[in-house]
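All remarks here apply to the structure that follows.
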Amino acid sequence: MSLRIGTRGSQLALVQTERVCKALTKMGIEVETAVIRTKGDTATGVPLHEIGGQGVFVRALDEAIIEGTIDAAVHSMKDIPAKRPRGVATGAVLSRDSPADFLAYEGEIGDVGIVGTASTRRRAQILRHDPEITVKQLRGNVDTRIKKMREGEYDAIVLAEAGLDRLGYHLRGQRLPLSQFVPSPNQGAIAVVCRNTPEITDVIRKLDDPQTRMDVGIERIIMEEVGGGCFTPQGIYCRDGHVIAEILALDGSRDVRIEDDIATPEEARACGQRLRNDAIDLIKDAYRQLGIAP
């Protein structure tokens, strides 16, 4: 059997896809890759919420799967939106890497005054930690962001630690504590999505890590109940059923947090509904300030 695997063209996406392809090759599956450009890759000068949110990195690959151009695609799972098209399945979730954020800086931590990030969550959490920090918009691939920091546009930048580890990058800086900087749902997890046909899903499923799938599945259910995508600053993290979930004001001045132990999808849905109800004012304020219709 042979499979055609789609990927974005960024260095990180290619490294992640190579991991999947090597695993499939060891299983005796022939693979070839196809690089597909997405709107998120071409429109790098504007915030994600202005070009459609997290789904902009996924939509073109979903369409290629449905059209039959490719059989499967590899994604950072946090980029996959809650609403999925018919005919596409999440065939496997690989064992999770670090879910944490990493604050990279060139000088001394005490001299950090301008931090770059495109994430509303990271912005809110940074401002909650230190309201005196200036947070500036920063998009682009990892190399682009590091280059802009080293050229002095930013004193520090926030990146996913898993991405740095996968790329083999060793930057000056520090891991941000998960308790204070709760990561995005599914951060650190790689997902393989594929055409929802048995001959493909049966093969891809062999790459699945059950514990990671359970944890990120709980995070995803809570995310779906909360809604808001990348528009609402939200952190949701589950490890072995223990959940920390929070929603913040865009300026970090207020937050609502829940910690709970969750064992079933029904409990995850109830947690998400409770979080949304408790934080509905923050969610509405975020939409209003970003000019997004709820």
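The values are calculated or read from the model by the stated rules, or taken from the named source; none is laboratory data. Here the structure is a predicted model, which is why all the values come from computation and not from measurement. For neighbour counting, all protein chains shown are included, and Cβ atoms are generated from backbone atoms with ideal geometry for every residue, glycine included.
Annotations
- Which listed residue, of 159, 171, is in contact with a Phe, Trp or Tyr (Cβ under 6 Å, 6 or more places away or on another chain) and farther than 23 Å from residue 71 by Cα: 159
- The condition of being without any contact (Cβ under 8 Å) to a residue 24 or more places away in the chain and touching a helix residue (DSSP H, G or I) at 6+ places or on another chain (Cβ under 8 Å) holds for only one of 258, 236, 247, that being 258.
- Residues within region 261-294 that are within 22 Å of the chain's Cα centre (by Cα) and either assigned to a strand (DSSP E or B) or of a type in the set (Gly, Ala, Ser) (or both), tallied: 4
- Within region 61-83, being out of contact with any Asp or Glu (no Cβ under 8 Å at 6 or more places or on another chain) and under 30 Å from residue 125 (Cα atoms) holds for 74, 75, 76, 77, 78, 79, 80, 81, 83.
Yes or no, residue by residue, for (1) surrounded by 22 or more Cβ atoms within 10 Å (Cβ to Cβ); (2) outside any strand (DSSP E or B); (3) in contact with a His (Cβ under 8 Å, 6 or more places away or on another chain):
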position	(1), (2), (3)
202	no, yes, no
213	no, yes, no
216	yes, yes, no
221	yes, yes, no
235	yes, no, no
250	no, yes, no
253	no, yes, no
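- Identity of the residue in region 247-288, under 30 Å from residue 133 (Cα atoms) and among the basic types (Lys, Arg), that ends up modelled with the lowest pLDDT: 288
- Any hit, region 168-181, residues being buried (at least 17 other Cβ atoms within 10 Å of the Cβ), charged (D, E, K, R) and on the phi < 0 side of the Ramachandran plot: no
- Any hit, region 144-164, residues being assigned to a loop (DSSP other than H, G, I, E, B), on the phi > 0 side of the Ramachandran plot and assigned by TED's automatic domain parsing to the domain that holds residue 283: no
- The criterion of at least 2 residues that are modelled with pLDDT of 95 or more, of a type outside the set (D, E, K, R) and under 18 Å from the mean Cα position of the chain (by Cα) is met by the following strands (runs of 3 or more DSSP E) wholly inside region 36-136: 72-76, 88-93, 101-105.
- Out of 232, 264, sole residue that is hydroxyl-bearing (Ser, Thr, Tyr) and either in contact with a Gly (Cβ under 8 Å, 6 or more places away or on another chain) or under 18 Å from residue 213 (Cα atoms) (or both): 264
- Yes/no for residue 88 being buried (at least 21 other Cβ atoms within 10 Å of the Cβ) and either more than 30 Å from residue 22 (Cβ to Cβ) or among the aliphatic types (A, V, I, L, M) (or both): no
- Where residue 28 falls short, out of the listed (1) surrounded by 15 or more Cβ atoms within 10 Å (Cβ to Cβ); (2) at pLDDT 90 or above: (1)
- Residue list for region 237-248, restricted to those being over 19 Å from residue 282 (Cα atoms), assigned to a strand (DSSP E or B) and not aliphatic (A, V, I, L, M): 237, 238, 239, 242
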